[in-house]
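*Asks:* Pasting a structure below so you can have a look.
The values are calculated or read from the model by the stated rules, or taken from the named source; none is laboratory data. Since the model is a prediction, treat every value here as computed from it, not as a measurement. Cβ coordinates were reconstructed from backbone atoms using ideal geometry, including for glycine residues, and neighbour counts include every protein chain displayed.
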Amino acid sequence: MSDLRQSANLPISGDFPALPNELTIQVFSSLNVKDLLHVSQTCKHWNYLSEDDFLWKPLYKQRWEGQQKQQQTTSSTPIGKKKKKVKDDQEEIRGWRSWKNKYTTNGNWLTGNLIYQTSFPGAQRVLTSVQFDNDKYVVGSEDSSVHIYGGADGKEIQTLKGHTETVTALQYNGNTLVTGSKDKTLRVWNLESGECVHTLKGHFSRVTCLQFQDHRLLSRSWDMGAKIWDLNTGQCISDRKCNSVCYSMALEGCILACGYMDSQIKLWDMRTGQYYRYYSGHRDVVSSLQMEDNTLASGSYDKSVKVWDIRNGRTTVTFNDHTAKVNSVCLRGDRLISGSSDHSVKVWNMKSRKTLLDLEGPTGPIKSVSMDEKKIVGVGNDKKLHVWNFSEIMSY
């Protein structure tokens, strides 16, 4: 980019807004995707101009040109299909805009460029857990209910009532939602109808965590019980005791990671029911776990966040920037986020091993965090649903 400015005898970025926008965009059109993302982070004016569709449409065409030619040679096009051409044009526009949004969003994550943040009023009590998708936010609360908010406006669209005490854990997949509570029970819900399909009883104290995969549900409790349930029948199919209270779980395939009150982390093989490795490094309760491929992230009441290599059990990086206990972690690719009782949500880059962002907004301890490719969501003691978005708002 510096060579380009020198050859064109252009001023530096501070003077660049004085140039006509058309000339600036023309210069930007000489850049590749990587450099275009870099200049977009230089100043607000450059960021605005770098979003111009004139720049991204040819980049998209260049990226998919080979694939499009190959498709044309392997498929025949019916004659006289004008409506199909219009449809193809519309699909192409959606395609390159989506592609542009993907690249700019990824660039925003890598540089810590937050597009906007907002918050929605939640329940009247502390919010304890959250999971979301494009259409909805599903939130557990100390008011014993599960609140479902619209993904677009944050307005409450449904409340699931059935528990009699705090909802301590939740997970959903498709239309199946499972919740655990201080009332010692788990409930299986149909999200579409809002109906409670099963009430699972058997624990003698509060449910601390849960994980389900396919029709198999795993639950842990303050009673040190470790149960496996059949989601189809609601029956308990396995019941055993742990040596310590299990506070957190992460399940991927046949590997189950459990974080305990005694600061240990154990890996279990679900095929044999035996643990085969334990990690020692935290100095207090392991409050949260998340696993992706060969990477395990853990948060602890000792104020630290650790990243482990599952293959050898070694710590690859430890983050110590929190000033109070860590309650929740979420892992996605090279990005890691953590929510803490110090009222902060931090975004970490695991490659650079640096803090990208210290997100502002919450006025109380953060109980739970979650993220997807576009945004971060956090809930906690201030009874609000906080949303931090890294994606441009696109009109299609």
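Per-residue answers, yes or no, for (1) of a type in the set (Asp, Glu); (2) touching a residue at least 24 places away in the same chain (Cβ under 8 Å):
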site	(1), (2)
GLU156	yes, no
VAL167	no, yes
GLY174	no, no
GLY194	no, yes
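*Asks:* Then there's this: Just to be sure, is LEU49 crowded, with 17+ Cβ neighbours inside 10 Å, at pLDDT 75 or above and on the phi < 0 side of the Ramachandran plot?
*Replies:* On the way: crowded, with 17+ Cβ neighbours inside 10 Å: yes; at pLDDT 75 or above: yes; on the phi < 0 side of the Ramachandran plot: yes.
The answer is yes for LEU49.
*Asks:* On to the next question. If you take the residues of the stretch 149-172 that are modelled with pLDDT of 95 or more and assigned to a loop (DSSP other than H, G, I, E, B), which of them is surrounded by the most Cβ atoms within 10 Å (Cβ to Cβ)?
*Replies:* HIS163
*Asks:* Let me ask you something else. Take the stretch 194-216 and flag every residue that is hydroxyl-bearing (Ser, Thr, Tyr) and buried (at least 23 other Cβ atoms within 10 Å of the Cβ). Can you show your working first?
*Replies:* In the first step, residues of the stretch 194-216 are kept if they are hydroxyl-bearing (Ser, Thr, Tyr); the result is 199, 205, 208.
Scanning the stretch 194-216 gives a single hit, THR208.
*Asks:* If ILE310 satisfies all but one of (1) within 23 Å of the chain's Cα centre (by Cα); (2) surrounded by 22 or more Cβ atoms within 10 Å (Cβ to Cβ), what's the number of the condition it fails?
*Replies:* Evaluating ILE310 over (1) within 23 Å of the chain's Cα centre (by Cα); (2) surrounded by 22 or more Cβ atoms within 10 Å (Cβ to Cβ) leaves (2) as the failure.
*Asks:* Filter the stretch 342-366 down to the residues that are crowded, with 20+ Cβ neighbours inside 10 Å, over 21 Å from ALA250 (Cα atoms) and of a type outside the set (A, V, I, L, M, F, W, C), then identify the one that is nearest to the chain's Cα centre (by Cα).
*Replies:* Checked the stretch 342-366; the qualifying residue nearest to the chain's Cα centre (by Cα) is SER344.
*Asks:* What's the total number of residues in the stretch 367-396 that are closer than 18 Å to ALA297 by Cβ, surrounded by 21 or more Cβ atoms within 10 Å (Cβ to Cβ) and at pLDDT below 95?
*Replies:* Total satisfying the criteria: 0.
*Asks:* Please work out which residue is surrounded by the most Cβ atoms within 10 Å (Cβ to Cβ), limiting yourself to the stretch 270-291 and to residues that are charged (D, E, K, R) and modelled with pLDDT of 95 or more. Spell out how you get there, then give the answer.
*Replies:* Of the stretch 270-291, the ones charged (D, E, K, R) are 271, 277, 283-284.
Those left that are additionally modelled with pLDDT of 95 or more: 283-284.
Values: ARG283: 11, ASP284: 15.
So the residue we want is ASP284.
*Asks:* Go through (1) within 28 Å of the chain's Cα centre (by Cα); (2) surrounded by 15 or more Cβ atoms within 10 Å (Cβ to Cβ) and name the single condition GLY225 misses.
*Replies:* For GLY225, the exception is condition (1).
*Asks:* Can I ask one more? Of the residues ARG187, ARG220, ARG206, which single one is modelled with pLDDT of 95 or more, within 23 Å of GLN274 (Cβ to Cβ) and more than 22 Å from the chain's Cα centre (by Cα)?
*Replies:* From the options ARG187, ARG220, ARG206, the qualifying one is ARG220.
*Asks:* Then there is this: Please go through the stretch 214-257 and pick out each residue that is among the small types (Gly, Ala, Ser) and in a loop (DSSP other than H, G, I, E, B).
*Replies:* GLY234, SER244, GLY253
*Asks:* Let me ask something else. Hey, can you tell me all the residues within the stretch 181-192 that are assigned to a strand (DSSP E or B) and either outside the structural domain of GLY150 (by TED's automatic domain parsing) or free of Cβ contacts under 8 Å to residues at least 40 places away in the same chain (or both)? Lay out the reasoning, then the answer.
*Replies:* First pass over the stretch 181-192, keeping only residues assigned to a strand (DSSP E or B): 181, 186-190.
Selection gives SER181, ARG187, ASN190.
*Asks:* Next up: Residue by residue through the stretch 155-175, note down the ones that are among the hydrophobic types (A, V, I, L, M, F, W, C) and under 21 Å from the mean Cα position of the chain (by Cα).
*Replies:* To start, the set of residues in the stretch 155-175 that are among the hydrophobic types (A, V, I, L, M, F, W, C) comprises 157, 160, 167, 169-170.
Residues satisfying the conditions are VAL167, ALA169, LEU170.
*Asks:* What is the one condition in (1) polar (S, T, N, Q); (2) surrounded by 19 or more Cβ atoms within 10 Å (Cβ to Cβ); (3) at pLDDT 90 or above that GLN117 does not satisfy?
*Replies:* Condition (2) is where GLN117 drops out.
*Asks:* Among the strands (runs of 3 or more DSSP E) contained in the stretch 285-396, which hold 2 or more residues that are within 21 Å of THR168 (Cβ to Cβ) and of a type outside the set (Asp, Glu)?
*Replies:* Working: elements: 286-292, 295-300, 305-309, 314-319, 326-332, 335-340, 345-349, 354-359, 366-371, 375-380, 384-389.
In the stretch 285-396, the matching strands (runs of 3 or more DSSP E) lie at 286-292, 295-300, 326-332, 335-340, 366-371, 375-380, 384-389.
*Asks:* Quick one: count up the residues across the stretch 233-264 that are in contact with a His (Cβ under 7 Å, 6 or more places away or on another chain) and surrounded by 18 or more Cβ atoms within 10 Å (Cβ to Cβ). Break it down into steps so the answer makes sense when it comes.
*Replies:* We begin by selecting, within the stretch 233-264, every residue in contact with a His (Cβ under 7 Å, 6 or more places away or on another chain); these are 234, 263.
This time we only want the ones that are surrounded by 18 or more Cβ atoms within 10 Å (Cβ to Cβ), so: 263.
Adding up the residues that qualify gives 1.
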